[in-house]
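Peer 1: Take a look at this one; I'll ask things after.
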Amino acid sequence: MAGRPTPRRGAGLYGMTRLGPLNLAAALGYARLETDVTRSLPALGSALSSSYATTAWSGRLQASAALASWNGLTLSPLAALQAIQVRSPGVTETSWSGAAPGALHLARRSETTSRSELGLQLDVQAMLGATPVSGYVRASWAHYFQRDADLSASLVGLPGASFAITGARPARNAALIATGFDVRLTPSVTLGARFDGELSGTSNRYGGSAQLRVSF
């Protein structure tokens, strides 16, 4: 099986406001992934291919409030809701001559993953010599409400020979950790780094990034 590079298109919106000690944030994202797959069937002497586009919508709402502040440290409880919906069309593999006996038909599917988060975040504001430095550490409990990961398929050459596949799903409950810092090198240049992880009884996920921001 082989696949071509997947063109991706996406857009997002983010907004934040403050109501006294309460911080409210919201984000909305859209992505479209175009996929081309080629699969060989040596026993039938044919190659099968399929092309389809998958779309994804995501959203997040978050609220936090400063609980205590002291000497550049701020402790805030937070709560969040987020959801992702992924939609893929029904697709049937074809060969150069059209439909083939060993071709797969994948049913149209719509998968939703949603979860809540409850946690605490510690923010730090400090000076490293004459350089402003900010950072944070966050720990949260995540509870998944929906964890769809099902796929229905059938063989074109065998009517009625359908089957279902259940993919890997996140654990119902997980621990979330995140940390990051920003160093303001100049009034227009900021260097930063981020790390986050999701820990559960069935899987662990880690990710990180480095950032260099220049404002004009």
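Peer 1: Mind listing whichever residues of the stretch 56-112 are touching a Pro at 6+ places or on another chain (Cβ under 7 Å), in a loop (DSSP other than H, G, I, E, B) and not charged (D, E, K, R)?
Peer 2: If the condition is that a residue be touching a Pro at 6+ places or on another chain (Cβ under 7 Å), in a loop (DSSP other than H, G, I, E, B) and not charged (D, E, K, R), then ALA66, LEU67 are the ones that fit.
Peer 1: Run down SER215, SER209 and say which single residue is loosely packed, with under 15 Cβ neighbours inside 10 Å and in contact with a Lys or Arg (Cβ under 6 Å, 6 or more places away or on another chain). Reasoning before the result, please.
Peer 2: Working: SER215 fails: in contact with a Lys or Arg (Cβ under 6 Å, 6 or more places away or on another chain).
Within the list SER215, SER209, the selection yields SER209.
Peer 1: Can you tell me how many residues within the stretch 179-199 are aromatic (Phe, Trp, Tyr) and either free of Cβ contacts under 8 Å to residues at least 24 places away in the same chain or loosely packed, with under 10 Cβ neighbours inside 10 Å (or both)? Spell out how you get there, then give the answer.
Peer 2: Residues of the stretch 179-199 aromatic (Phe, Trp, Tyr): 181, 195.
When the remaining residues are screened for being either free of Cβ contacts under 8 Å to residues at least 24 places away in the same chain or loosely packed, with under 10 Cβ neighbours inside 10 Å (or both), the result is 195.
Residues that pass the stated criteria total 1.
Peer 1: Sort out which residues of the stretch 139-196 are farther than 30 Å from MET127 by Cα and hydroxyl-bearing (Ser, Thr, Tyr), and write them in order of number.
Peer 2: Across the stretch 139-196, the qualifying residues are TYR144, SER152, SER154, SER162, THR166.
Peer 1: Pick out the one residue from SER58, SER88, SER95, SER64 that is over 16 Å from TYR30 (Cα atoms), under 27 Å from the mean Cα position of the chain (by Cα) and touching a residue at least 12 places away in the same chain (Cβ under 8 Å).
Peer 2: Being over 16 Å from TYR30 (Cα atoms), under 27 Å from the mean Cα position of the chain (by Cα) and touching a residue at least 12 places away in the same chain (Cβ under 8 Å) holds for just one of SER58, SER88, SER95, SER64, which is SER64.
Peer 1: Could you figure out which of (1) under 21 Å from GLN82 (Cβ atoms); (2) in a strand (DSSP E or B) isn't true of GLN211?
Peer 2: In the conditions (1) under 21 Å from GLN82 (Cβ atoms); (2) in a strand (DSSP E or B), GLN211 misses (1) alone.
Peer 1: Restricting the stretch 124-153 to residues that are touching a residue at least 60 places away in the same chain (Cβ under 8 Å) and of a type outside the set (Lys, Arg), which is surrounded by the most Cβ atoms within 10 Å (Cβ to Cβ)?
Peer 2: SER140
Peer 1: So, in the stretch 154-178, exactly how many residues are more than 26 Å from GLU198 (Cα to Cα), surrounded by fewer than 14 Cβ atoms within 10 Å (Cβ to Cβ) and touching a strand residue (DSSP E or B) at 6+ places or on another chain (Cβ under 7 Å)?
Peer 2: 4
Peer 1: Separate question: Which residues, counting only those in the stretch 85-107, are more than 27 Å from ALA63 (Cβ to Cβ) and at pLDDT 90 or above? Explain how you work it out, then say what you get.
Peer 2: First pass over the stretch 85-107, keeping only residues more than 27 Å from ALA63 (Cβ to Cβ): 87-107.
Within the stretch 85-107, ARG87, SER88, PRO89, GLY90 qualify.
Peer 1: Further, regarding this structure: Exactly one condition in (1) surrounded by 15 or more Cβ atoms within 10 Å (Cβ to Cβ); (2) among the β-branched types (Val, Ile, Thr); (3) out of contact with any Ser or Thr (no Cβ under 9 Å at 6 or more places or on another chain) is not met by THR202; state its number.
Peer 2: (1) is the only condition that THR202 fails.
Peer 1: Taking only pairs six or more apart or across chains, which ones have beta-carbon atoms under 7 Å, a first residue in the stretch 14-35 that is among the β-branched types (Val, Ile, Thr), and a second residue that is in a strand (DSSP E or B) and surrounded by 14 or more Cβ atoms within 10 Å (Cβ to Cβ)?
Peer 2: Listed by first residue and then by second, the contacts come to THR17/LEU24; THR35/TYR52; THR35/THR54.
Peer 1: Let me ask something else about it. It is to be established whether one or more residues within the stretch 99-108 are among the charged types (D, E, K, R) and surrounded by 13 or more Cβ atoms within 10 Å (Cβ to Cβ). Walk me through how you get there before you give the answer.
Peer 2: Of the stretch 99-108, the ones among the charged types (D, E, K, R) are 108.
Going one step further and asking which of them are surrounded by 13 or more Cβ atoms within 10 Å (Cβ to Cβ), we end up with none.
Within the stretch 99-108, none of the residues are among the charged types (D, E, K, R) and surrounded by 13 or more Cβ atoms within 10 Å (Cβ to Cβ).
The values are calculated or read from the model by the stated rules, or taken from the named source; none is laboratory data. Computed from a prediction, not measured in an experiment: that's the story for all the values here. Cβ atoms come from the backbone with ideal geometry, glycine included; neighbour counts cover every protein chain shown.
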